[in-house]
1. Hey, can you tell me all the residues within region 102-122 that are open to solvent by 10 Å² or more (accessible area, probe 1.4 Å), of a type in the set (A, V, I, L, M) and within 23 Å of Val295 (Cβ to Cβ)?
2. Helices (runs of 4 or more DSSP H) wholly in region 89-180 with at least 1 residues that are closer than 21 Å to Ser51 by Cβ and charged (D, E, K, R) - which ones?
3. In the set Ala304, Ala349, Ala319, Ala357, which member is touching a Gly at 6+ places or on another chain (Cβ under 6 Å) and over 18 Å from Met67 (Cβ atoms)?
4. Condition check: small (Gly, Ala, Ser), in contact with a helix residue (DSSP H, G or I) (Cβ under 6 Å, 6 or more places away or on another chain) and surrounded by fewer than 16 Cβ atoms within 10 Å (Cβ to Cβ). Does Gly245 satisfy that?
5. Would you mind stating whether Thr300 is in contact (Cβ under 8 Å) with a residue 24 or more places away in the chain, of a type in the set (Ser, Thr, Tyr) and farther than 30 Å from Ile434 by Cβ?
6. Which pairs have Cβ atoms under 7 Å, sit 6 or more apart or on different chains, and link a residue in region 268-279 that is farther than 16 Å from Thr27 by Cβ and touching a residue at least 24 places away in the same chain (Cβ under 8 Å) to one that is aromatic (Phe, Trp, Tyr) and surrounded by 17 or more Cβ atoms within 10 Å (Cβ to Cβ)?
7. When Tyr97 is evaluated against the numbered criteria (1) in contact with a helix residue (DSSP H, G or I) (Cβ under 7 Å, 6 or more places away or on another chain); (2) modelled with pLDDT of 95 or more; (3) open to solvent by 10 Å² or more (accessible area, probe 1.4 Å), which criterion, by number, is the only one it fails?
8. All but one of (1) over 28 Å from Gly188 (Cα atoms); (2) in contact with a Leu (Cβ under 8 Å, 6 or more places away or on another chain) hold for Ser124; state the number of the condition that does not hold.
Amino acid sequence: MDTVTKTSGFSIAKWFDFKGNKTNLKTEIIAGFTTFATMAYMVAVVPGMLSKGGIPFDSAFTVTIFMTVITTIAMALYTNRPFVLGPGLGSVAIFSYTLLGNDVPLSIAAGIVFISGVLFMLVSFLGVRDFVVRIIPQSVKVSVGVGIGLFIALLGFKQAGIVVANARKNVLVFGDLATMEVLLAIVGFFLVLFFTSRNIKGGIIISVLIITLVSIPLGITSVPDHLFQMPGSMDGMMFELDVIGALSPVYLPFLLAFFIPDFFSTLGALLGLGSQAGYLDKDGNLPGIEKNFHVDSTATTVGALFACPVLTTYLESAAGVESGGRTGFTALVTAACFTLILFLAPLAAMTPTAATAPVLMYIGIIMMGSMRKVNYDDVCEYLPAFVCVAVSIFSFNAGNGIAAAMLVYAFLKLATGRYKEDHWSIYLIASSMIYYFYIVSAH
C-alpha cells in the first residue's frame, strides 16, 4: 500500500506540484471530498429546476453531471487550481422558468447561452477583460446578480408553497402553511440556516438529505425501486442550437442576463478564492487568471451545445480551499465524486421539492449581499440598481430588470449632463432596450 501510494503520489505530486503549492496527496483528497459535499446539493436542485421547464429529469441530470465533470477536469488540468465548475443557479432559473417556461424553444434558449459563451470567450482570449469591467455600470454589475437572486428566492418560496398567487386580489399571498409539504420546506429552510451559520461543511446537502428522509414515511416521496441506473440519454439536448433565432433583439436582455453575472461572478469568485488560497500577488491580482477565464468561458460555450445553462466557477470551491486544497488534484477528486453520482439518478429524482426549495430560498437571499457595493450617494447608481431589482422580481423576469436598469441609467446620465462619463456603447445598448420593450408590449 505504501509503495503504491508512494509511486502514484510521486507522479501526481510532480504533475500538480504539491511541493511548490505546500500541499500533499492526503490533503488534496480530503479537500476534493469537502468541495463535493458542499456543492452536492446541485445534483438534485439543478435537474429539478430544468425539469420544470419541460426537460426530462434523467436527461437534465446526465447533462448537469457530465458538464460539471468535464469542465472541472479541464479547469484542473489547464490551470492547476482547486476550482470546480457547475451550472449557475441564476442562469438555470432564467433558462428554465423565464425562457422555456414562456414557450421559448430549447434551441433558442441554448443559442442565447452559446452567444453569451462566445462573447465571454472573446473577452477572455482577446484580453479585453478590463475594458468590459470599465464600460458596464457599477450599478448594473451589482444589481443584476441581486435581481436574479430575488428571482431565485421567489421561485423557492413558490415551489415550497409558502407563497401562492391570489387571482382575486392579483397579488402573492401566503399558501396553506399547515400542509405537511409546506411545513417541511420551512423546517428545511431553518436547517439550512442552522448548518450554514455554524459553518458546517456540506450543511446544505445535509439539510436536503434530512428533509428527504423525513418525507419518506410521510408519503411525500418514496424510495425508488432501484438505486442505480445507467445515465439518461442526452439525445433531446445535444446540439439543439438555434443561434440565428437567438440573435433576435428581443433576446438581448437575456443575453446580458447570462453574460454579465457570469463574467463578474467569475471574476469575483476567482479573486475571492485566490485570496483565500494565498494565490494573489502584492497588487491583489491573481497570476494566471487568464487561464481560469479561458476555461470558464469555453465551458459556457461548449455547455450550450448540450443545452446546459451557463457554467461558472462555484464559490463552494472555497470549502476545498479552506480544507487545504491548493492544486488541480482537489478539483479532480471532486469531479470523480460527481462521476460516481452519475449512476444515482433515481436517488436524486426522489428528492422532494420540500427539500430543494429551501436551497433556492437561501441561495437567492444571500445573493442580496452585493447591494452594499452600490453608491447610495449617486442617483445615477442607486436608482438603476433599485429598478433592476424591483422590475426583475415584480415582472418575474430578470431580463426585464436588466433592460429597465440600462434605460434608467442612460437617461439619468443624460439628464444630469454626465453622459461623457460612460462609453458610447452604453447608450447604444439602452436604445436597443427601447425596442425590446416595444416588442414585449406588442406581444
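1. Ile115, Val118, Leu119, Met121, Leu122
2. Values: elements: 89-93, 106-125, 129-135, 138-160.
So the answer is 138-160.
3. Step by step, each of Ala304, Ala349, Ala319, Ala357 is checked, and only Ala357 is touching a Gly at 6+ places or on another chain (Cβ under 6 Å) and over 18 Å from Met67 (Cβ atoms).
4. So Gly245 fits the description; yes.
5. no
6. Correct list of pairs: Leu273/Phe83.
7. Evaluating Tyr97 over (1) in contact with a helix residue (DSSP H, G or I) (Cβ under 7 Å, 6 or more places away or on another chain); (2) modelled with pLDDT of 95 or more; (3) open to solvent by 10 Å² or more (accessible area, probe 1.4 Å) leaves (2) as the failure.
8. Only one criterion is unmet by Ser124, namely (2).
The values are calculated or read from the model by the stated rules, or taken from the named source; none is laboratory data. None of the values given here were measured: they were computed from a predicted structure. Reconstructed Cβ throughout: ideal geometry from the backbone, glycine too, with neighbour counts over all protein chains shown. Quick note on the areas: whole protein, heavy atoms, side chains included, nothing else; ligands and nucleic acids left out. Shrake-Rupley method; radii C 1.70, N 1.55, O 1.52, S 1.80 Å.
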